[in-house]
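Q: Sharing a structure below in structure tokens format, with a few things to ask.
The values are calculated or read from the model by the stated rules, or taken from the named source; none is laboratory data. The model shown is predicted, which means the values in this text are computed figures rather than measured ones. We place every Cβ from the backbone using ideal geometry, glycine too, and count neighbours over all the protein chains shown.
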Amino acid sequence: MTTKRSLSHIVSGVVGGLIVLVVGAVLISTDVIDTGDSRTVVRQAPATQPTGSSTGSEGRSVSDIYKQEGRGVAFIEASGVTTDEPSPFGLPQQGTATGSGLVVDKDGYILTNAHVVQGADHVTASFSENGDAVDAEVKGVDTSADLAVLKVDPSELKGLTPVPLGDSSKVAVGDPVIAVGNPFGLSRTVTTGIVSGLQRQIQAPNGFTIAHVIQTDASINPGNSGGPLLDSNGRVIGINSQIATGGGQGSVGIGFAVPINTAKKLLPDLKAGETIERAYLGVRMQGVTKQLAEDLNLGSDHGALVVEVTPNSPADKAGLRAGRTQTAEGVVAGGDLIVAIDGKDMRNQNAVASAVASHRPGDKIDVEFYRGNDKKTLSVELTKRPASADTAAPSDQGGGGIFP
């Protein structure tokens, strides 16, 4: 027994030695082990990989991005918030609200969420755990996009660091992302994840729909609101705005960020303190699948099915009709099916919302739609969007969807 055990140990040792030799040879050949015959090269492997907005580079490490771009992430504190309406993170907004923000230029402009500062009588920003908070002026607020711009005096801060803005149109599902913010007051917290989905919809503070939203599994929580979602090169692709809580108050791995391209379009007006006026059609819609089109005998297998029309809205005055019958699956059937606007094909409700958003109040659009199997066209004069969806119409028909 002793001999067999010794032989076994010898065999194991030989095999182990061979494995070590083979692995060692591989490591030496790939310069992971320095044999002393050349200079030592120390390289930090990137913790992220390029996103769709990368330009061929390998991406940077999370640590490097945190040290550099993280300096431009602000801790925002807004006092005097009195609304009892829950925030997009499922918490009531009362007394003092805290969130995050990011510096967009050296003039001291900071981008954050509208729900962080809306209604506040005093707002401050700080950039380090032990740094002094400085007063921040609310320059512009757009509740329809849940975005706001603050202004601090750059002379009161040393080394104010803008965070570079990326291109959210080039983001792809699976791209790695980094979130920096102040969850639960824990300043300068960094988390990582991937882009989990694109073209999501979330509800803005005024009840309207924010389209083209980025979904991520990077851990974001109350206090991350207004902070940046970064790509692997440290460029902002979104503003962290909401999470799905699953009935609790913490992250369950489903977060949503307003695309940075949306913010970039609004920045000039928000910096100037101008009111953002949006065109308004006044319909609630949902998308159409081939199966749904077949089940409801629709005139097309794509488009936006009208499930609600706001009384006295442009859509109502022009003659668009909503459905009246709710199916077992919760679909409001019988409404007009919008398939084109100004001759451009509308594949779904997001396309319709984008088409309306590209216009200004007072513009006229030609809406092509199917009513049953009959194709029709109506000219609709768009008006200014109401202050909130609650004042636009009571949503008593169900059906969910998007409301431009």
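Q: Could you check A272 against (1) surrounded by fewer than 16 Cβ atoms within 10 Å (Cβ to Cβ); (2) within 27 Å of V73 (Cβ to Cβ); (3) within 23 Å of the chain's Cα centre (by Cα) and say which number it fails?
A: Of the numbered conditions (1) surrounded by fewer than 16 Cβ atoms within 10 Å (Cβ to Cβ); (2) within 27 Å of V73 (Cβ to Cβ); (3) within 23 Å of the chain's Cα centre (by Cα), the odd one out for A272 is (3).
Q: Here are some residues: A293, A304, A315, A322. Which one is modelled with pLDDT of 95 or more and within 23 Å of N373 (Cβ to Cβ)?
A: A315
Q: All but one of (1) within 20 Å of the chain's Cα centre (by Cα); (2) polar (S, T, N, Q); (3) at positive phi hold for T262, so report the exception by its number.
A: (3)
Q: Something else now. Restricting the range 175-191 to residues that are touching a residue at least 40 places away in the same chain (Cβ under 8 Å) and touching a Pro at 6+ places or on another chain (Cβ under 7 Å), which is farthest from I65 (Cα to Cα)? Talk me through it step by step, then tell me what you get.
A: Applying the first criterion (touching a residue at least 40 places away in the same chain (Cβ under 8 Å)) to the range 175-191 yields 175-183, 185, 187-188, 190.
If we keep only those that are touching a Pro at 6+ places or on another chain (Cβ under 7 Å) as well, we get 180, 183.
Numbers: V180: 10, P183: 18 Å.
If we take residues in the range 175-191 being touching a residue at least 40 places away in the same chain (Cβ under 8 Å) and touching a Pro at 6+ places or on another chain (Cβ under 7 Å), then P183 is farthest from I65 (Cα to Cα).
Q: Next up: Which one is farthest from the chain's Cα centre (by Cα), of the residues in the range 322-345 that are free of Cβ contacts under 8 Å to residues at least 40 places away in the same chain and at positive phi?
A: Only one residue fits best here, namely G334.
Q: Are there strands (runs of 3 or more DSSP E) fully within the range 295-399 with at least 1 residues that are within 12 Å of M285 (Cβ to Cβ)? List them.
A: Because the criterion is at least 1 residues that are within 12 Å of M285 (Cβ to Cβ), the strands (runs of 3 or more DSSP E) in the range 295-399 that meet it are 304-309, 337-341, 364-371.
Q: Filter the range 261-289 for residues that are of a type outside the set (V, I, T), assigned to a strand (DSSP E or B) and in contact with an Asp or Glu (Cβ under 7 Å, 6 or more places away or on another chain) and give the result.
A: Once the filter is applied, which keeps residues that are of a type outside the set (V, I, T), assigned to a strand (DSSP E or B) and in contact with an Asp or Glu (Cβ under 7 Å, 6 or more places away or on another chain), the range 261-289 yields A279, R284.
Q: Next question, about the same structure. Kindly provide the set of residues from the range 165-216 that are part of a loop (DSSP other than H, G, I, E, B), modelled with pLDDT of 95 or more and surrounded by fewer than 21 Cβ atoms within 10 Å (Cβ to Cβ), ordered by number.
A: Scanning the range 165-216 gives D167, A172, V173, G174.
Q: Just to verify a result, which residue in the range 296-329, among those that are within 23 Å of G362 (Cβ to Cβ) and of a type in the set (D, E, K, R), is surrounded by the fewest Cβ atoms within 10 Å (Cβ to Cβ)?
A: Filtering the range 296-329 for residues that are within 23 Å of G362 (Cβ to Cβ) and of a type in the set (D, E, K, R), the one surrounded by the fewest Cβ atoms within 10 Å (Cβ to Cβ) comes out as K317.
Q: Out of the residues in the range 346-378 that are charged (D, E, K, R) and either closer than 18 Å to A322 by Cα or free of Cβ contacts under 8 Å to residues at least 40 places away in the same chain (or both), which is surrounded by the fewest Cβ atoms within 10 Å (Cβ to Cβ)?
A: That would be D374.
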